[in-house]
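Engineer: Following this message is one structure expressed as structure tokens.
The values are calculated or read from the model by the stated rules, or taken from the named source; none is laboratory data. Just so it is clear, the model here is predicted, and its values are computed rather than measured. So basically every Cβ, Gly included, is an ideal-geometry build from the backbone, and we count neighbours across all protein chains shown. We work out accessible area using only protein heavy atoms, side chains counted, and drop any ligands, DNA or RNA first. Shrake-Rupley method; radii C 1.70, N 1.55, O 1.52, S 1.80 Å.
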Amino acid sequence: MTGKVRALVMLLAVASLLFATLTLAARTQPISNLLGVVVAAGSPYAPFAALAGLILAALSRRTLLAIVAVLVLTATAAIQIPRYKFTRPSVSRFADVRVLSSNLRKGAAVPAPFVALAEENADVVAVSELTPEAVEGLSHAGIREAFPYSLLIPAPGAGGIGLWSRYPLDGVSPGNHRHFAIAAARLRIPSVHLEPLVASVHVFSPVASRRDTVDGWEISIADAKSVLDDFAAVADQAAVIIAGDFNSTPDMHQFRDLLTEGYLDAADQTGAGFIPTFPADSWLPPALEIDHILTRGATATSLSAVTVPGSDHRALLTTVRVPSVPQPSNEE
């Protein structure tokens, strides 16, 4: 290897390690600008960047750089690997609730295959970007036959939100929070004494349009945090299931702030790890993990992402084990 080639390899190693290091730094602070959004979104790829940096450092024969690469690789891997550990359910009396969560891309999702997907795999359907036309199309495709109960708040463009259910729904007010879309209800399951609280949410995007800016996203996810905290207090020992498009990845500080008051990400509970859902409308595979299902007082036992024709998001399918009776307290 010539001196020029070795120098180029070293520069590539430095660039790879710099990116990986920036992702570590981005996790420690709340996201406040577009650069933070981009770097945090790239965090799942940081271990691969660090590994590339290590290989390139070794090829360029830079011992100190290789040592730094080992440290960065260890740190980035330590963040991502624990997401692949399965959490075993601890409840003894329970019911399984199957949830389908999908962004309908401003109502463009094709109704018939979506309804078929829901009928086969779900008890509750949570949707965002629900337009009046989408409600009509899904109704014609038969969604009301399989899911006779609903709480729908359609709107033009990306502002609509809704829930369909096989079980009766009792609407729950989220309060006066106007900076994100939400539909929430209690789920009346015959075998479950503690009625689960379910919600479909859509947090504003930090990049999608003039309205959706990083500042707007910060306000939107802060509102979501407030509502989730309120739901935790209202639900008490009953399960809470929050599904939707959070426009946030697990490596964003504000998203991790949601995982307090007992909330857990289904991807972490099931050991599914990195489940990218966006964009899903090109020949490239989805790269960003911005759709999530959160649970509280319950355990997700499975999670997968599936293609929805017409949508630019993959939908999430999960089974959530909810307690049917109050659980014994761990307190003395």
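Engineer: In the range 62-78, which residue that is of a type in the set (S, T, N, Q) and modelled with pLDDT of 95 or more is most open to solvent (accessible area, probe 1.4 Å)?
Structural biologist: Filtering first and then ranking leaves Thr74.
Engineer: For the range 146-160, check the following and say yes or no: at least one residue is touching a Pro at 6+ places or on another chain (Cβ under 7 Å), assigned to a helix (DSSP H, G or I), surrounded by fewer than 18 Cβ atoms within 10 Å (Cβ to Cβ) and not aliphatic (A, V, I, L, M).
Structural biologist: Narrowing the range 146-160 to residues touching a Pro at 6+ places or on another chain (Cβ under 7 Å): 149, 154, 160.
Narrowing the set further to residues that are assigned to a helix (DSSP H, G or I) leaves none.
There is no residue in the range 146-160 that is touching a Pro at 6+ places or on another chain (Cβ under 7 Å), assigned to a helix (DSSP H, G or I), surrounded by fewer than 18 Cβ atoms within 10 Å (Cβ to Cβ) and not aliphatic (A, V, I, L, M).
Engineer: Residues being within 19 Å of Pro113 (Cα to Cα), surrounded by fewer than 19 Cβ atoms within 10 Å (Cβ to Cβ) and more than 15 Å from the chain's Cα centre (by Cα): count how many of those fall in the range 299-325.
Structural biologist: Of the residues in that region, 3 qualify.
Engineer: Could you identify the single residue in Leu59, Leu51 that is farther than 25 Å from Arg178 by Cα, open to solvent by 20 Å² or more (accessible area, probe 1.4 Å) and touching a residue at least 40 places away in the same chain (Cβ under 8 Å)?
Structural biologist: Working: Leu51 fails: touching a residue at least 40 places away in the same chain (Cβ under 8 Å).
Sole residue among the options that is farther than 25 Å from Arg178 by Cα, open to solvent by 20 Å² or more (accessible area, probe 1.4 Å) and touching a residue at least 40 places away in the same chain (Cβ under 8 Å): Leu59.
Engineer: Scan the range 79-127 residue by residue and report those that are surrounded by fewer than 19 Cβ atoms within 10 Å (Cβ to Cβ), among the small types (Gly, Ala, Ser) and touching a helix residue (DSSP H, G or I) at 6+ places or on another chain (Cβ under 6 Å).
Structural biologist: Within the range 79-127, none qualify.
Engineer: Any residue at all in the range 171-189 that is part of a strand (DSSP E or B) and open to solvent by 30 Å² or more (accessible area, probe 1.4 Å)?
Structural biologist: Yes.
Engineer: Taking the range 139-170 on its own, how many of its residues are under 15 Å from Ser101 (Cα atoms) and not charged (D, E, K, R)?
Structural biologist: Residues that pass the stated criteria total 11.
Engineer: Only one of Ala280, Ala267 is small (Gly, Ala, Ser), in contact (Cβ under 8 Å) with a residue 40 or more places away in the chain and on the phi < 0 side of the Ramachandran plot; which?
Structural biologist: One residue alone meets the criteria, Ala267.
Engineer: Would you pick out the residues in the range 258-278 that are crowded, with 17+ Cβ neighbours inside 10 Å and not hydrophobic (A, V, I, L, M, F, W, C)?
Structural biologist: Tyr263, Asp265, Asp268, Gln269, Thr270, Gly273, Pro276, Thr277
Engineer: Considering only the range 1-31, state which residues are open to solvent by 50 Å² or more (accessible area, probe 1.4 Å) and either among the aromatic types (Phe, Trp, Tyr) or not in a helix (DSSP H, G or I) (or both).
Structural biologist: Met1, Thr2, Phe19, Gln29, Pro30
Engineer: Scan the range 189-205 and tell me whether some residue there is modelled with pLDDT under 95, under 26 Å from Thr23 (Cβ atoms) and not aliphatic (A, V, I, L, M).
Structural biologist: yes
Engineer: Within the range 281-298, which residues are crowded, with 20+ Cβ neighbours inside 10 Å and at pLDDT below 95?
Structural biologist: Listed by number, the residues that qualify are Gly297, Ala298.
Engineer: Of the conditions (1) part of a loop (DSSP other than H, G, I, E, B); (2) open to solvent by 20 Å² or more (accessible area, probe 1.4 Å); (3) touching a residue at least 60 places away in the same chain (Cβ under 8 Å); (4) among the acidic types (Asp, Glu), Glu195 fails just one. Which one is it?
Structural biologist: For Glu195, the failing item is (3).
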